[in-house]
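Accompanying notes for the structure given below.
The values are calculated or read from the model by the stated rules, or taken from the named source; none is laboratory data. In this text, all values refer to a predicted model and were calculated from it rather than measured experimentally. Here the Cβ positions follow ideal geometry from the backbone for every residue, glycine too, while neighbour counts run over all protein chains shown. Side chains included, ligands, DNA and RNA excluded: accessible areas come from the protein's heavy atoms. Shrake-Rupley method; radii C 1.70, N 1.55, O 1.52, S 1.80 Å.
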Amino acid sequence: MTTTNPGGTAHSAPAEISDEELRGLVGRLALEDKVRLIVGEDFWSLPELPQIGLRKLRMSDGPVGVRGVLWDERDTSLLFPSPTAQAAAWDPEVARRVGFLMGAQARDKDIHVLLAPTVNMHRTPLGGRHFECYSEDPLLTSRIGVGFVEGVQSAGVAATIKHYVANDSENERMTYDSRVGERALREVYLAPFEAAVREARVWLIMSAYNSVNGATMTENAPLQNDVLKGEWGFDGVVVSDWMAVRSTEAASLGGTDIAMPGPNDLWGDALVEAVREGRVDESVLDDKVTRILRLAARVGVLGDTAPRGDVTTPDTADAEIRAIAAKAMVLLENRDAALPIDPAAVRRVALIGPNAVRLSSQGGGSAHVNPDHVVAIPQGLRNALGPNVELTVREGAFTHRALPDLPLDASVDPATGEPGLGIEFGAVDGTSLGADHRLGSNLVFWPGTMPEGATSITARARITPTVDGTHLLDVRGLGSFDLTVDGATQSFQLDSESGDIIEALLRPPIKRFEVAAKAGVPVEVEARYSADQAMVFASMGLGWAKPRLADDEELAQAVADAAAADVAVVVVGTTDDIESEGFDRADLRLPGRTNELVTAVAAANPNTIVVVNAGSPVLMPWRNDVAAVLWAWLPGQEGGAAIGDVLTGAVEPGGRMPTTYPADEADVPVLSTEVVDGGHVYAEGPNIGYRLWARQGAVPAYPFGYGLGYTDWAYEGLSVDGDAATGLTVEATVANTGARDGREVVQVYLEPVSGELFGAPEPIRLIGFAAVEAAAGGKAVARIAVDAATLARWDEAAGGWATTPGAYRVGVGRNVGDLRLSTEVSL
Ligand code: BGC
């Protein structure tokens, strides 16, 4: 069979090998080989077994791009907008295309398994990986997740839906127990996984670090064996989260198929012994190996199977990422049509803000990739405004914990004179184990990526300042350091308080130094990191910044810039060490003096437009005092260009909020991520997000589904047909009443007229949506099919899905708080 994917590349369907053939291959393996295969050979791959024609199978993170098996700025990846942005497009086709493009790049990088998407829920806005998940709504998460998985797998690459399950916050993530009732599990937390298995036929699932209802997920037989593999018929592979396998018998019997990474002693000889002693039946291993071989055939690394079709990254990828980033942005406020900016009507624009100068193109943690380029906001806006508009640029407030990496235009490797820096690995006796030239000064090494026996890494750079004054230098890492600047050495120790290895590596402690320097006079910097024993992991970074004004002066200067301009664009937001993995955010405040900056700029210029560069909710206390607010997400590699497109109106910000955005922390129904008595009690049951907001009555800053766009819409007609058995067909007619062409996301919600279900209050919920486009003055009809399963609820008493008969209200509109038309149906 040959199909055509949206990129126009022909590909054939995956070669499935029959179960009988797979079992035949398993039968040819010795017990030791079976055990070898179900444990990672290294950090990212499974071993080859030539005796059965199995080649090496490689995995890579993750949800914003395909990093590959290295963390190295020379191994570049397409960097996509954050998954929250992907969801904000409210369009499974967008997710499918993102998935396909990542799959295509995985093919180019010889990666067979992509460790994405992340479909945990936005249970609390403080969750560290909120930016990496899609939404607070299970239906929206499921639709986007299914689109993404289908896209990845259409490129012949396996998707891995993660983290199974109820891994909705980060603090103490290795150990906490999520205590979740059956109805909430089924309707909310398991739902995106079930959709990925049943509809998208996803090839892998990643088992989470945490426990659910008392059993750690890698050992959770009820959820892995019974629900996932039994009830849903999942025929793929359950891979552990990295280092989540913590037992021999319980994890192998509990449904986990692969322990990553390797080696893992608990699944090595200990598992062979457990089988020999009859504690684990060999058939349990055979099932795992069969699943892995099935996966190997699907991705073309078994026998005469080959990776599907001729798939490669299309030349259009950068342009597509730019378009997706722009489409996903959400217009939150727009007083007196302040946006879009007409370049012909302004002479000077003041671009201000910490994130205007240092765009957060992505969040932190294992999702991080090394893009080939990032379009900065000044560059994107300058291009969009054209040559006749003067653009001033100023940080206004310093909110970043780390300094920027060493500047490539001012730093060279002293050994070669090439831009960048030199690094050298050393042995305990001081001998050199090899040198390398690097472009980026944020260095992360996985196991197996350093010379064997290395106990030190020395980074050397010659930095030539372009101005006189006190420059800033920082050193990041974990352990003992000797820093030599122009011959003077200081020794110090950097320690992390975090017990989370990912946090310790990717958000290491930092020490900052002042360096008095003169323009044109090179500064020699040498930073040596040393460990007591041969290193397994390492991370080390160097940062550098030009002389800065004092904070008050910087802010005053930004205000002066704003006052002298026709329009002030203030870009504020988070950083990749605020939104990251391994820890949650402490609060929802913007960092440092950001709010003070926005307020002061808005007071100086009534045409103040705020662009928020964040992947998760932040409080915007000034949101009613500025001319416009545009939510730009963590927009990926084309961020600056996409922001320029939207601010000047070349593209409509067509996104809608995939989660409720609070005005105040006190209003958030589930906020804390603090682990109490070893766990989190999901006391709200299935009433996540807007469902709980509705019950509690507080008014959010922006409700679920909210977004303005650049035109106006009237809802003119609604028809609903169908019943509980067939599902519903909803048709809504919308008219574009504004002056420009636009896109509307028509949303359909359901609630029982009685307000109750199963004898308890039942809130409204999303049951469908569709994005439509219409020209100015034109109309569009949104046709939304709601299948019977979407109408059903989990009946805890009966232990199954059912639609409770009764009268229901179907409402359609622009967001959960703005339903324009409704009708009653009997189900
Ligand atoms: C994360 C996973 C990731 C894995 C490999 C873990 O710490 O939770 O999402 O895929 O590391 O980097």
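Taking the criterion of being within 16 Å of the ligand (Cβ to nearest atom), surrounded by fewer than 24 Cβ atoms within 10 Å (Cβ to Cβ) and of a type outside the set (S, T, N, Q), the only residue of the stretch 352-370 that qualifies is HIS368.
ARG58 passes every criterion in (1) surrounded by fewer than 22 Cβ atoms within 10 Å (Cβ to Cβ); (2) away from the ligand (no atom under 15 Å from the Cβ); (3) charged (D, E, K, R) apart from (2). Regarding ALA274, is this residue within 16 Å of the ligand (Cβ to nearest atom) and either free of Cβ contacts under 8 Å to residues at least 24 places away in the same chain or open to solvent by less than 10 Å² (accessible area, probe 1.4 Å) (or both)? Answer is no for this residue. Against the list (1) buried (at least 24 other Cβ atoms within 10 Å of the Cβ); (2) out of contact with any Phe, Trp or Tyr (no Cβ under 7 Å at 6 or more places or on another chain), the condition ILE321 fails is (2). Within the stretch 301-318, being among the β-branched types (Val, Ile, Thr) and open to solvent by 60 Å² or more (accessible area, probe 1.4 Å) holds for THR312, THR316. Taken together, VAL369, VAL444 contain a single residue that is of a type in the set (A, V, I, L, M) and out of contact with any Gly (no Cβ under 7 Å at 6 or more places or on another chain), which is VAL444.
Within the stretch 763-815, the residues that satisfy the criterion of being farther than 25 Å from ALA87 by Cβ and either in a loop (DSSP other than H, G, I, E, B) or polar (S, T, N, Q) (or both) are ALA775, ALA776, GLY777, GLY778, GLU796, ALA797, ALA798, GLY799, THR803, THR804, PRO805, GLY806. Considering the stretch 202-215, and only residues there that are away from the ligand (no atom under 14 Å from the Cβ) and touching a residue at least 40 places away in the same chain (Cβ under 8 Å), the residue that is surrounded by the most Cβ atoms within 10 Å (Cβ to Cβ) turns out to be TRP203.
Apart from one condition, VAL349 fits all of (1) touching an Asp or Glu at 6+ places or on another chain (Cβ under 8 Å); (2) part of a loop (DSSP other than H, G, I, E, B); (3) at pLDDT 95 or above; (4) open to solvent by less than 20 Å² (accessible area, probe 1.4 Å); the exception is (2).
Screening VAL610, VAL629 for residues that are buried (at least 24 other Cβ atoms within 10 Å of the Cβ) and free of Cβ contacts under 8 Å to residues at least 60 places away in the same chain leaves exactly one candidate, VAL610. The condition of being out of contact with any helix residue (DSSP H, G or I) (no Cβ under 6 Å at 6 or more places or on another chain), farther than 30 Å from PRO662 by Cα and open to solvent by less than 60 Å² (accessible area, probe 1.4 Å) holds for only one of LEU718, LEU692, LEU750, LEU708, that being LEU718.
Among residues of the stretch 279-301 that are under 14 Å from ARG28 (Cα atoms), those with a beta-carbon under 8 Å from a residue that is of a type in the set (Lys, Arg) and assigned to a helix (DSSP H, G or I) at least six positions away or on a different chain give the pairs GLU282/LYS34; LEU285/LYS34; ASP286/ARG23; ASP286/LYS34; VAL289/LYS34; THR290/ARG23. Out of GLY417, GLY422, GLY430, GLY434, one residue alone is without any contact (Cβ under 8 Å) to a residue 60 or more places away in the chain, within 13 Å of SER530 (Cα to Cα) and small (Gly, Ala, Ser). It is GLY430.
Residue pairs whose Cβ atoms lie under 6 Å apart, sitting 6 or more positions apart in sequence or on different chains, and linking a residue in the stretch 488-509 that is open to solvent by 30 Å² or more (accessible area, probe 1.4 Å) to a partner that is assigned to a helix (DSSP H, G or I), are SER496/ALA504; SER498/ALA504.
Only one residue in GLY697, GLY705, GLY738, GLY742 is under 26 Å from VAL629 (Cα atoms), over 27 Å from the mean Cα position of the chain (by Cα) and outside the structural domain of VAL810 (by TED's automatic domain parsing). Which one? None of the other options fit; the residue is GLY697. The criterion of being surrounded by 15 or more Cβ atoms within 10 Å (Cβ to Cβ), assigned to a strand (DSSP E or B) and either touching an Asp or Glu at 6+ places or on another chain (Cβ under 8 Å) or not acidic (Asp, Glu) (or both) holds for ALA735. Restricting to the stretch 445-459, and then to whatever is surrounded by fewer than 16 Cβ atoms within 10 Å (Cβ to Cβ) and among the small types (Gly, Ala, Ser), can you tell me which residue is farthest from LEU406 (Cα to Cα)? My answer is GLY453. Selection of the stretch 120-164 for residues being in contact with a strand residue (DSSP E or B) (Cβ under 6 Å, 6 or more places away or on another chain), open to solvent by less than 10 Å² (accessible area, probe 1.4 Å) and either β-branched (Val, Ile, Thr) or more than 16 Å from the ligand (Cβ to nearest atom) (or both) yields ASP137, VAL149, VAL152, VAL157, THR160, ILE161.
Table: residues versus (1) on the phi > 0 side of the Ramachandran plot; (2) modelled with pLDDT of 95 or more.
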position	(1), (2)
GLY697	yes, no
ALA701	no, yes
TYR706	no, yes
GLU751	no, yes
PHE758	yes, no
GLU762	no, no
ALA780	no, yes
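Pick from ARG401, ARG382, ARG438, ARG462: which is of a type in the set (D, E, K, R), open to solvent by less than 40 Å² (accessible area, probe 1.4 Å) and either touching a helix residue (DSSP H, G or I) at 6+ places or on another chain (Cβ under 9 Å) or over 25 Å from ARG322 (Cβ atoms) (or both)?
Numbers: ARG401 fails: open to solvent by less than 40 Å² (accessible area, probe 1.4 Å); ARG382 fails: open to solvent by less than 40 Å² (accessible area, probe 1.4 Å); ARG462 fails: open to solvent by less than 40 Å² (accessible area, probe 1.4 Å).
Among ARG401, ARG382, ARG438, ARG462, only ARG438 is of a type in the set (D, E, K, R), open to solvent by less than 40 Å² (accessible area, probe 1.4 Å) and either touching a helix residue (DSSP H, G or I) at 6+ places or on another chain (Cβ under 9 Å) or over 25 Å from ARG322 (Cβ atoms) (or both).
If the condition is being surrounded by fewer than 22 Cβ atoms within 10 Å (Cβ to Cβ), outside any helix (DSSP H, G or I) and at pLDDT 95 or above, then the stretch 8-39 contributes ARG28, LEU29, ALA30.
The set of residues in the stretch 101-115 being touching a residue at least 60 places away in the same chain (Cβ under 8 Å), touching a strand residue (DSSP E or B) at 6+ places or on another chain (Cβ under 9 Å) and open to solvent by less than 10 Å² (accessible area, probe 1.4 Å) consists of GLY103, VAL113, LEU115.
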